[in-house]
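The values are calculated or read from the model by the stated rules, or taken from the named source; none is laboratory data. Just so it is clear, the model here is predicted, and its values are computed rather than measured. Methodologically, a virtual Cβ is constructed for each residue, glycine included, from the backbone with ideal geometry; neighbour enumeration extends over all protein chains shown.
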Amino acid sequence: MTTIVRLLTSLTFLVIAGPALAGTWSKLTPTGYGDCALLFEGPIAKGDLTRAIDDGLLDDFAPRICLNSPGGSLAEVLAFLEASDRPENGFYFGTRVRTGDECLSSCAILFMFGLSFGANSPSPSRQLAPGARLGFHSPFIRDGAAPATSDAEVFSVALQVVKLLADRSYKATSTAGPALPQELLALVLGTPSAEMHYVDTFAEARLLGIEMTQNIESNTIFTDTPENMDRLARQICQSSHTLTFRQSFVKEGYDFDDLIARASDPTKADIVFPGNHQVHFRGRVQPQTNQPEKYISVLTGPGYFQPHWNSAGSSMYCRVELQIKRVRGGAQIPYYTADFSFLGLVDLTRDPGQTTTFWEMSIGLLPLSTRY
């Protein structure tokens, strides 16, 4: 049996009849812009989600739905998503999982389809609060469950779901990028049905295009010493390089653990050029009117290179720029960037300025394994 057929077969298991208990909808009172107006909680059974459409709960423009569900019928999730995407009478909805709540299995798939409508186009709008549980796995048959439809119908739903996930990650784009990250399909289908992959680090949430309701990086207080700033700059460079070129640093398809391991030790690569990590430039830009204090660092090391270029010409430097906010006990870093460019004839004893050589994912002020 080929891999894709095996995965499609396993996916059919989520369309088995849902649990006897039904999920419920409740209206909430939003406390601010973008807050939840609706709550869905409980197992997802046939008709549970689409009932909100018939009851007019989704008539308001792009309401945010808080989700608290162990999952259930994937066929019902598909019916709800198809209804939202109709040319006429379609609707947008954002999603959120609150602290202490969970959204697992088919609920997690529903969560990932949260959208809002910005100035120019729809954009992903899915939020995760610290302490929330978001879990993915490949589908399974619940003990004692009986098929609700014929095998042909079950397999048809499986194909539709695979196509929906693939389409939204490939062609449905917005000003914020793809509607769904490319990693989602591999995450859903690549996690064994008896296991659960919890998205419980701030870094993987960001990689999957999930907004954290609290920015744990910017709220952290750091010791502002040269030694610690060097450590932070190196950590940011290692993490940013790994996630920017992440397709080159996984063993067999998407696995976030592979990326954590590589970011922890960037010499774990097929090609590693000689040399140690070295800080070539450190600089401070004093605060000015409407401009925060900044710390700038330029580094090189054996882990910074263009993947698949097996020559010294692929070696790069990393430039890190941190915004500094003075607070009691040290400094907070509200914003930071990392960018890479080729060494060439660049004088690294001076600040080379930001480059546009690559589109970088700047991350790593806290280790990628940091849980929220």
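Structure notes:
A quick yes/no check of all residues on (1) modelled with pLDDT under 95; (2) more than 20 Å from residue 280 (Cα to Cα); (3) out of contact with any Gly (no Cβ under 6 Å at 6 or more places or on another chain):
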position: 331; (1), (2), (3): no, yes, yes
position: 334; (1), (2), (3): no, yes, yes
position: 337; (1), (2), (3): no, no, yes
position: 344; (1), (2), (3): yes, no, yes
position: 355; (1), (2), (3): yes, no, yes
position: 360; (1), (2), (3): yes, yes, yes
position: 367; (1), (2), (3): no, yes, yes
position: 370; (1), (2), (3): no, yes, yes
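- Breaking point among (1) in contact with a helix residue (DSSP H, G or I) (Cβ under 9 Å, 6 or more places away or on another chain); (2) in contact (Cβ under 8 Å) with a residue 40 or more places away in the chain, for residue 117: (1)
- Qualifying residue in the range 175-198 (condition: under 30 Å from residue 277 (Cβ atoms), in contact with a helix residue (DSSP H, G or I) (Cβ under 6 Å, 6 or more places away or on another chain) and not in a loop (DSSP other than H, G, I, E, B)): no
- Only a single criterion out of (1) surrounded by fewer than 16 Cβ atoms within 10 Å (Cβ to Cβ); (2) at pLDDT 95 or above; (3) over 31 Å from the mean Cα position of the chain (by Cα) is not satisfied by residue 327, namely (3).
- Residue in the range 186-197 that is at pLDDT 95 or above, out of contact with any Pro (no Cβ under 7 Å at 6 or more places or on another chain) and of a type in the set (S, T, N, Q) present: no
- Of everything listed in (1) surrounded by 16 or more Cβ atoms within 10 Å (Cβ to Cβ); (2) over 14 Å from the mean Cα position of the chain (by Cα); (3) of a type in the set (Val, Ile, Thr), the single unmet condition for residue 244 is (2).
- Spans of helices (runs of 4 or more DSSP H) in the range 48-117 with at least 1 residues of a type in the set (Val, Ile, Thr), outside the structural domain of residue 194 (by TED's automatic domain parsing) and over 25 Å from residue 129 (Cα atoms): none
- Every residue from the range 34-47 that is in a strand (DSSP E or B) and either touching a helix residue (DSSP H, G or I) at 6+ places or on another chain (Cβ under 7 Å) or of a type outside the set (D, E, K, R) (or both): 36, 37, 38, 39, 40, 44
- Consider the range 288-305 and keep the residues that are in contact (Cβ under 8 Å) with a residue 40 or more places away in the chain and outside any strand (DSSP E or B). The one that is surrounded by the fewest Cβ atoms within 10 Å (Cβ to Cβ) is 292.
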